[in-house]
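Okay, so here's the structure we're looking at.
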Amino acid sequence: MAKITFIQHNGAEQTCDGSPGMSVMETAIKNMVPGIDADCGGACACATCHVYVEPEWVDKAGPRNPMEEDMLDFAFDVQDSSRLSCQIKVTDALDGLRVRVPAKQF
Amino acid sequence: MSDVITTDAVIIGAGPCGLFAVFELGLVDVKCHVVDILDRPGGQCAELYPEKPIYDIPALPIVTGAELTSRLLEQIKPFGAEFHYNQMVTELIKHGDNDFELKTDGGLVFRSKVVVIAAGGGSFQPKKPPIPGIDSYEGTSVFYSVKKMEAFRGRDVLIVGGGDSALDWTINLQPIAKSMTLLHRRDDFRAAPDSVKKMRELVAEGKMQFRLGQVTGLKGEAGVLSAATVKGNDGATFDIATNTMLPFFGLTMKLGPVAEWGLNLHENLVPVDTAKFETSTPGVFAIGDINTYPGKLKLILSGFHEAALMAQQAFKYKNPGERLLFQYTTSSSSLQKKLGVN
Ligand SMILES: Cc1cc2nc3c(=O)[nH]c(=O)nc-3n(C[C@H](O)[C@H](O)[C@H](O)COP(=O)(O)OP(=O)(O)OC[C@H]3O[C@@H](n4cnc5c(N)ncnc54)[C@H](O)[C@@H]3O)c2cc1C
Ligand code: FES
């Protein structure tokens, strides 16, 4: 089990249990975290599961994969810490992960 | 006044379920026309995941979205359905029992006995970046598609994005625009390598500019844009002078006009019965991702099943009082004749 915290645009925080093997996006959807739309259901085809990984977690979350990098072209306000949450797999090493949800997925 | 196209059935949406509906209707001799907003068939399979594998199509252990589409097209070929692309069905009017009129944004008018809504997640529409105040420039200075190239002659055009639409329009509009700038968040493109090469040549020849960054704000007055404020990749902010911005951020699905056709809706889906997949309006069916009923699964195979049952009822509307014989394609010579295999 890994604790994952989603921080809303307004600062509200929600901490959820992620099971290893699931994606961070799936963890959000299962717990009804607002602001993660995930229109394509995790196929890396929509960019509506965009999150900003908090600085201290960027390295642990790992680099973007090439498909994800392409798909981020369709996200808004992409920053160095931007990831598509369907492409981050929950692992024990990510216990405590903190990600910010953008004001709006688009 | 345009000529009215008269037919047995109009299928709204050329996604996998709309395409398979052509097959099932064809077997019972219901002739159809298919309309789609996109410029090609396949719906989500073609637009969202052409290269991705699907593993749950019965008897096809693995097939990509593009392959599935081309196989369906091959399968429905014998029925000679007519396709109308780049057309959004905007109006559906009931004139009487089994007498429907449909209109598209491109000026087509259909008259049919049966309507099959296979509109999936709804109509594909360009994604609008949430830049503050962008609405006030839409249609005057901000455009999400190019309908007539001439409209961009002599303008200071800023194109935003790195996909095929962005690159294609950069190259096509550059010769007629007064100035052309392409803005993208990285120096890497998902667009076809050929177009990227062409764009780089234009930059090298001094005919256009390529800048790195993302738009954060817009400047202008009374719907006329004067500049876009951009955050560069080094974090510094700068302005790009422009009176015409074309953001290309891909497509998203919105229910669209289906909501305005007087059908019962439930959470943006069209409720149907599970015997005929008919909506609250007799003669109007809904199959595939757009419909809902107890136990609905948004899967392609469910849509195929729905198409088969829908066709049985469509036959009855076309041939009132006639009995439809249940037949197998394997053994029925009349079905094989329709399929052109006998
Ligand atoms: C990334 C991804 C992976 C998927 N993987 C699978 C899988 O493995 N297995 C599976 O079974 N399913 C999968 N699906 C779901 C599957 O793609 C859908 O169930 C299927 O596409 C639904 O088909 P459809 O014909 O109902 O609608 P769509 O494919 O959505 O097509 C609807 C068409 O209707 C058109 N349209 C809508 N409104 C109008 C209008 N007013 N006028 C004209 N045209 C209109 C649209 O432009 C669109 O082309 C996946 C979906 C995605 C996004
Ligand atoms: S859920 Fe669509 S890209 Fe992540």
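What follows draws every value from the coordinates through simple rules; no lab data is involved. All values derive from a computational prediction rather than experimental measurement. Note that each Cβ is placed from the backbone with ideal geometry, even for glycine, and that neighbours are counted across all protein chains shown.
Structure notes:
- Residue, nearest to ligand 1 (Cβ to nearest atom), within the stretch B:284-309, restricted to residues that are closer than 27 Å to B:Leu325 by Cα and in a strand (DSSP E or B): B:Ala286
- Single residue of the stretch B:160-176 satisfying the filter (part of a helix (DSSP H, G or I) and in contact with a Leu (Cβ under 9 Å, 6 or more places away or on another chain)) that is farthest from the other protein chains (Cβ to nearest Cβ): B:Leu173
- Contacts under 8 angstrom Cβ, first residue in the stretch B:212-238 being basic (Lys, Arg), partner exposed (fewer than 13 other Cβ atoms within 10 Å of the Cβ) and in a loop (DSSP other than H, G, I, E, B), 6 or more apart: none
- Filter pass, A:Ser81 being within 14 Å of another protein chain (Cβ to nearest Cβ) and over 23 Å from B:Ala46 (Cβ atoms): yes
- Qualifying residue in the stretch B:65-82 (condition: small (Gly, Ala, Ser), within 14 Å of ligand 1 (Cβ to nearest atom), within 14 Å of chain A (Cβ to nearest Cβ) and surrounded by 15 or more Cβ atoms within 10 Å (Cβ to Cβ)): yes
- Residues that are in contact (Cβ under 8 Å) with a residue 12 or more places away in the chain and farther than 23 Å from B:Asp99 by Cα, drawn from the stretch B:303-321: B:Gly303, B:Phe304
- Of all residues in the stretch B:6-22 being part of a strand (DSSP E or B) and buried (at least 24 other Cβ atoms within 10 Å of the Cβ), the one that is nearest to the chain's Cα centre (by Cα): B:Ile12
- The stretch B:88-101 - residue that is surrounded by fewer than 22 Cβ atoms within 10 Å (Cβ to Cβ) and within 10 Å of ligand 1 (Cβ to nearest atom) and, of those, farthest from the other protein chains (Cβ to nearest Cβ): B:Glu91
- Residue, nearest to the other protein chains (Cβ to nearest Cβ), within the stretch A:2-51, restricted to residues that are more than 16 Å from ligand 2 (Cβ to nearest atom) and of a type in the set (Ser, Thr, Tyr): A:Ser19
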